[in-house]
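To start, the structure under review is shown below, and the notes come after it.
None of the figures in this text is laboratory data; all of them are computed from the coordinates on show. These figures come from a predicted structure and were not determined experimentally. When we count neighbours, we look across all protein chains shown, and the Cβ atoms used for this are built from the backbone with ideal geometry, even at glycine.
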Amino acid sequence: MKVAVIGTGYVGLVAGTCLAETGNDVICVDIDPKRIEQLKQGIIPIYEPGLDTLVLRNHHAGRLTFSMDTVSAVKESAVVFLALPTPMGEDGSADLKYILSASREVAKGINDYKVIVDKSTVPVGTADKVHSVISALTNMPFDVISVPEFLKEGNAVDDFMKPDRVIIGCESKRAEEVMRDLYSPFVRSGSPMIVMRVRSAELTKYAANSFLAAKISFINEIAQLCERVGADINEVRMGIGSDKRIGTSFLHPGLGFGGSCFPKDLNALNHTSMEYGLDLYVVQAAIRTNDRQKQLIPAKITARFGERLDGLKVAVWGLAFKANTDDIRESPAMPVLDLLIARGAEVYAYDPQAMANTAEIYGDKVKMVNDTFTAIDGASALIVATEWNEFRRPDFAKILHLMKLPVIFDGRNLYDPRKMKELGFEYYSVGQA
């Protein structure tokens with residue numbers, strides 16, 4: 001099948017590449033000439049494990065091509081995916097300007113029946129808006145449907161190739177048959193393909209992300225209570241997670257959730273509900289708890305060192321919002337950096353993938369170094385902000401030797417508090433006794 005994917009960010013590039021991997025001819029379109037040129041040269045502009053191999057293989061095979069010409073891509077394709085950003089506005093709403101702008105270009109290329117797929121996370125009613133924009137510009141036949149993505153950054157390729165489920169929001173039998181054919185290779189292992197109304201599919205993505213985010217906020221609240229009452233969050237987490245009705249997923253306390261999805265999606269869902277005159281109290285509480293959680297480590301730092309940190313060298317391990325990505329959007333590490341810089345600390349940071357993106361924001365206010373031990377040399381505090389594997393089993397003897405003061409603020413609970421104390425560290429974590 002011939003497919004066009006408009007947008008080459010995390011969602012678009014992963015979707016287009018995986019669709020090409022199953023034998024489809026895919027044109028990935030973007031308006032950024034630098035990004036398209038990079039992709040043509042085999043340079044992958046985002047870090048996602050395993051993606052580079054698939055992009056290169058399918059590009060060399062001719063199944064995956066890159067273009068800036070939306071109209072031509074649409075003319076050549078039977079299915080057109082819209083995989084564009086929906087950034088959060090000041091009021092929390094999802095900004096649809098990129099989706100609607102691309103829809104106008106798509107309309108110019110419709111030369112026979114097309115299935116237009118909203119792949120981006122969009123508010124309820126977006127498909128209707130896209131349909132309205134396109135139908136005002138063409139009399140050719142088309143359907144607008146919703147196929148929300150459920151990709152986890154750092155595991156996106158596997159999530160697309162082996163999904164838990166494929167949700168198709170579609171009220172056209174013709175479009176449904178096309179999508180069942182296109183997605184059939186991905187559900188051969190028995191994962192369900194669920195067809196529902198378009199608005200139900202649009203809401204499902206927001207509801208799923210909000211539920212997972214609420215689990216994170218809940219366990220972070222219990223972690224703070226553990227610190228007050230002398231309980232251990234790891235023991236509590238195992239105790240409640242062993243209940244099959246609850247499960248262990250997303251019950252890991254930390255600095256709060258970040259990234260391009262959860263913060264944006266919760267605020268967008270909350271904004272939609274307010275438009276319809278309904279308060280979503282659980283969603284609102286999850287947002288407030290997460291905002292508070294991001295200030296937990298900064299509060300521990302000032303409680304230990306005081307309000308002013310002038311001249312204090314602080315090392316930060318991890319800048320990405322989670323491991324296995326270079327994405328720093330809404331990263332919980334950012335409030336930590338902001339506090340350290342504002343209070344006069346000298347900040348040295350290391351992250352395997354996210355330093356370039358961080359440097360674009362902070363410039364020389366944060367000194368980027370090439371490894372973990374350079375960061376901690378002479379430091380009076382170490383902050384662990386991302387759970388990269390290489391941070392899990394460091395040489396603690398070397399850390400003690402290099403640090404000026406053996407103080408660690410572990411925002412990911414990577415280490416055993418009793419062992420850290422035995423080794424001679426002053427150790428602060430999240431909810432651990």
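About its Cα centre, what dipole magnitude does the stretch 205-292 give when the only charges are +1 on Lys and Arg Cβ and -1 on Asp and Glu Cβ, stated in debye to the nearest 20?
Once rounded to the nearest 20, the dipole reads 160 debye.
What is the calculated FRET efficiency for Arg228 to Leu405, with r their C-beta to C-beta distance and R₀ = 25 Å, to the nearest 0.05?
0.45
How much net charge surrounds Gly344 when only other residues with a Cβ under 9 Å from its Cβ are counted (Lys, Arg +1; Asp, Glu -1)?
Neighbourhood net charge equals 0.
Which shape class applies to the stretch 2-195: rounded if a/c is under 1.5, otherwise prolate when a/b exceeds b/c and oblate if not, where a ≥ b ≥ c are the square roots of the Cα gyration tensor eigenvalues? Mind dumping the intermediate values first?
Numbers: a/c = 1.30, a/b = 1.17, b/c = 1.11.
Because its axes are fairly even, with a/c under 1.5, the stretch 2-195 counts as rounded.
Of Trp317, Leu266, Phe409, whose Cα points farthest to the positive end of the dipole of the chain (charges on the beta-carbon: +1 Lys, Arg; -1 Asp, Glu; origin at the Cα centre)?
Positive-end residue among those listed: Phe409.
Restricting attention to the alpha-carbon atoms of the stretch 205-292, what are Rg (one decimal) and Dmax (integer), both in Å?
Computed over the Cα atoms of the stretch 205-292, radius of gyration and Dmax are 13.8, 43 Å.
For the stretch 270-327, run through the chymotrypsin sites (Phe, Trp or Tyr not before Pro) and keep only the ones in DSSP coil with at most 13 other Cβ atoms within 10 Å of their Cβ.
On the way: sites: Tyr276, Tyr281, Phe305, Trp317, Phe321; in loops: Tyr276, Phe321.
Here the sparse-neighbourhood loop sites are Tyr276.
Would you work out the charge dipole size for the chain about its Cα centre, treating the Cβ of every Lys and Arg as +1 and the Cβ of every Asp and Glu as -1, and quote it to the nearest 20 debye?
So the magnitude is around 500 debye.
Using the Cα centre of the chain as origin and beta-carbon charges of +1 (Lys, Arg) and -1 (Asp, Glu), tell me which of Val133, Ser72, Ala201 is placed farthest towards the positive end of the dipole.
Final value for the positive-end residue is Ala201.
Quick check on the stretch 296-428: what does the Kirkwood estimate of hydrodynamic radius come out to from the alpha carbon pairs, in Å? Present the calculation step by step, with values, prior to reporting the outcome.
Details: mean 1/r = 0.0688 Å⁻¹.
The answer is 14.5 Å.
Could you work out which residue, out of Ile194, Ile297, Ile167, moves most in a Gaussian network model of the chain, that is, has the largest mean-square fluctuation with Cα springs under 10 Å?
Of the options given, Ile194 has the highest mean-square fluctuation.
Can you give me the Cα centroid spacing of the stretch 236-295 and the stretch 1-49 in angstrom?
Between the Cα centres of the stretch 236-295 and the stretch 1-49 lies a distance of 31 Å.
The stretch 307-359 to the stretch 362-395: how many Å between their Cα centroids?
Here the answer is 9 Å between Cα centres.
Between Ser429 and residues 5 or more places away or on another chain, which pairs have amide H atoms under 5 Å apart, with H built 1.01 Å from N, and which residues are they?
For Ser429, whose amide H was placed from the backbone, the distant partners under 5 Å are Asp410.
When only Cα pairs under 8 Å and 6 or more residues apart are kept, what is the percent relative contact order across the stretch 390-433? Walk me through the numbers on the way to the answer.
Working: 40 pairs, mean separation 17.3, N = 44.
Once divided by the residue count of the stretch 390-433, the mean separation gives 39 percent.
Kindly put Cys28, Cys226, Cys170 in sequence by how many other C-beta atoms sit within 10 Å of each C-beta, fewest to most.
Lowest to highest Cβ neighbour count: Cys226, Cys170, Cys28.
Are there any helices in the chain, counted as whole DSSP H runs, that stretch 27 Å or more along their axis by Cα and score at least 0.0 on average by Kyte-Doolittle, and if so which? Before the final figure, lay out the partial values.
Details: long enough: 198-229 (47 Å, 0.31).
The qualifying helices are 198-229.
Only loop residues by DSSP count here, and only those with at most 14 other Cβ atoms within 10 Å; note down the GluC sites (Glu not before Pro) in the stretch 75-124 that meet that.
Glu90
Among Arg392, Arg329, which comes first, then next, by fewest other beta-carbon atoms within 10 Å?
Final ranking by Cβ density, sparse to dense: Arg392, Arg329.
Counting other C-beta atoms within 10 Å, and keeping those with at most 15, which DSSP coil chymotrypsin sites (Phe, Trp or Tyr not before Pro) do you find in the stretch 113-165? Intermediate results must be reported in sequence, preceding the final value.
Working: sites: Tyr113, Phe142, Phe150, Phe160; in loops: Tyr113, Phe150.
Sites meeting the loop and neighbour criteria: Tyr113.
Fewest to most neighbouring Cβ within 10 Å: what's the order for Tyr183, Tyr350, Tyr415?
In increasing order of surrounding Cβ atoms, one gets Tyr183, Tyr415, Tyr350.
Could you give the spread of the C-alpha atoms of the chain along their three principal axes, from largest to smallest, in whole angstroms?
71, 47, 41
Based on Cβ point charges of +1 for Lys and Arg and -1 for Asp and Glu, what charge dipole magnitude is obtained for the stretch 256-370 about its Cα centre, in debye rounded to the nearest 20?
Rounded to the nearest 20 debye, it is 440 debye.
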